[in-house]
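Step one of this worksheet: look at the structure below.
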Amino acid sequence: MNIGGKPWLQTHWDWHVAVNFLTGGSGSGLLLVAALGTLAGQPLAVPAWLGLLLIAGGLAQVSLHLGRPLRGLNALFNPRTSWMTREAFVAGPLLLVALLAALLEWTLLGLLAGALAALFLYCQARILKEARGIPAWREPRLVPLILATGLAEGVALYLLIALASGWHEAMLASGVLLLAALVARILAWRGYRQALRGNAPKEALGVLERAEAPFAGAGHIAPLLLLLVAVGVPSAQAPLAALAALAALLAGWGIKFAIVVHAGYNQGFAIDHTPARGAGTGGLGSKPGW
Amino acid sequence: MTRYVMVADLERCVGCQTCTAACKHTNATAPGVQWRRVLDMEVGEFPDVRRAFVPVGCMHCADPPCMHVCPSTATGQRADGLVTIDYDLCIGCSYCAVACPYQARYMVEQPAQAYREGRMRSETQRENPGRLGVAQKCTFCSDRIDYGQAHGLTPGIDPEATPACVNACIASALQFGDIEDPESNVSQLLATHKHFRMHEELGTEPGFYYLWEDR
């Protein structure tokens, strides 16, 4: 066997797991924004239903792909140190409260669902950060990026709902909030990329490098421009804003998918020194692939 | 206190993979699963090229990230430092596998066979269904250690109480013992040789040391 020790793409967490980060992040972001919306007197049912379905769908997807799905409840055994257990602990009450909020549309339930959704989103971010075998995931600056993109996706979804439902008051507020969320997300992305420089395998850095242009361009610059144009062209406001929201949402999903599925190169192996063999001499160490 | 560790002398290892074969034979791991493996690393560029054979596997870290992330508490740690997996608790989420910086963990979903023609008799007879769909990794042959201790033997010294890979090593490159005992074989080796641990900067405090000489 000739293994050189270079990092390789992990295959333990594939797109099935990535879907949970995609939909869970969007769903919790949406519930968070919907909670703010209820304070302004906006309807709660539609965003609550959608948020609930997105989170439940992601969790169902990942649960079905456990090696032993019938033991799923064992995931509740380690709240002391495991963020996966903590996510499961939050998920139960969150789904219940979101369901009640969707059915009853009480402001208090909406606020509670929003708070639980924020916790759920934070758990998801920490789950990735604690995966210490994957350099692109364990970087602490990934946490603000996951939070920012979850929020941006939530605002984008809320804006789409507002446009489809004709909630005029919510449209303007959602548009402004989307602008702010996109700025926060691109700043978080820059911070993450900067922190990762030299701290991840070359292959992983290459994946993120290639993702940069479409993420920044289609996911930030385009929606920002569309929203600005929408302000000046009232007749086309709705379709332009919808396009901006859609681009922001898809970019968020795209970057999370790229980070989980394509940039998940493992640590690889390294030696601090090469041994002296036979009459030869020892030498410097090696960290292949970095 | 006892903490069992493994020591690999990089100058002695010849990359024969006997330890790999001994581990597979002892633990009946599935095709593609190598709890103990030996890397063949080429370092440098022509004409200044060196070659190193590097045994790797579960490092039985003192601060194991795999244990901290495990949602089911299936991954645990014994008082003697061995990192364990309870196959009956594990849900197969693979979180431990992505938390391990040593790529030491495996998941086998279905019964596997080495050859297309069908399963070998050994594969059928020695299959452990409890290991399907759950995380698995090197145990430092904990069953051999426990057996040895129950019979007054010393792990690392008496073969019956020593991991199979260490017993099989043709060059005595692999050694095993209690690092908390200053008189043990591993403590003596570490006291008299230069050594390092892999990915020490990650702070997992691996229980696997590599010896080297500066000459």
Shielding by partners - mean other protein chain Cβ count within 10 Å, residues of A:258-271: 3
Cα radius of gyration and Dmax for segment B:4-212 (Å): 17.3, 53
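Order of A:8-16, A:97-105, A:144-152 by packing, highest average Cβ count within 10 Å first?
Working: A:8-16: 16.8, A:97-105: 20.0, A:144-152: 26.4.
Going from most to least packed, we get A:144-152, A:97-105, A:8-16.
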Residues A:Ala60 and B:Arg51, FRET efficiency given R0 of 51 Å [Cβ-Cβ distance, rounded to 0.05]: 0.55
By average C-beta atoms within 10 angstrom, highest first, the peptides A:188-195, A:233-240: A:188-195, A:233-240
For segment A:79-147 and segment A:257-290, distance of Cα centres in Å: 35 Å
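For chain A, what is the mean residue ellipticity at 222 nm derived from helices alone (per DSSP H run of n ≥ 4: -39500 (n - 2.57); sum divided by total residues; nearest 500 deg cm²/dmol)?
Values: 10 runs with 194 residues, N = 290.
Helix contribution divided over all residues of chain A: -23000 deg cm²/dmol.
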Span from the segment B:10-72 Cα centroid across to the segment B:151-215 one, whole angstrom: 14 Å
Cα Rg, Dmax (largest Cα-Cα span) when computed across segment A:191-230, Å: 13.4, 42
Residue-averaged beta-carbon neighbours from other chains (10 angstrom radius) around B:41-48: 4
Sparsely packed trypsin sites (Lys or Arg not before Pro) within segment B:67-145, loop by DSSP, other Cβ within 10 Å at most 12: B:Arg116
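Please return the longest range in chain B lying between exposed loop sites, taking GluC sites (Glu not before Pro), DSSP loop only, at most 12 other beta-carbon atoms within 10 Å, and leaving the sites out.
In chain B, the maximal stretch lacking such sites is B:1-108.
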Helix-only CD estimate at 222 nm, as mean residue ellipticity for chain B, using -39500 (n - 2.57) per DSSP H run (n ≥ 4): -5500 deg cm²/dmol
Rg/Rh (Cα only; Kirkwood hydrodynamic radius) as it applies to the protein assembly as shown: 1.06
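Hey, got the average number of other protein chain Cβ atoms within 10 angstrom for residues in B:190-199?
So the per-residue partner count for this stretch is 3.
Distance cut-off 22 Å, Cα to Cα: go down the list A:Lys129/B:Lys194; A:Lys129/A:Lys256; A:Lys202/A:Lys287; A:Lys6/B:Lys194; A:Lys256/B:Lys137; B:Lys24/B:Lys194 and report the pairs above it.
Pairs exceeding 22 Å: A:Lys129/B:Lys194; A:Lys6/B:Lys194; A:Lys256/B:Lys137; B:Lys24/B:Lys194.
Starting from the Cα coordinates of chain A, work out the convex hull volume and express it per residue in Å³. Numbers along the way, then the final one.
Working: hull volume 39.8 nm³, N = 290.
Considering the Cα atoms of chain A, their hull volume per residue is 137 Å³.
Mean 1/r over all different Cα pairs, inverted: what Kirkwood radius does segment A:151-245 give, in Å?
On the way: mean 1/r = 0.0698 Å⁻¹.
About 14.3 Å for segment A:151-245.
Coordinate-derived values only; no laboratory data. This one's a predicted model, so the numbers in the text were calculated from it and none came from an experiment. FYI the Cβ positions are ideal-geometry reconstructions off the backbone, even for glycines, and counts take in every protein chain you see.
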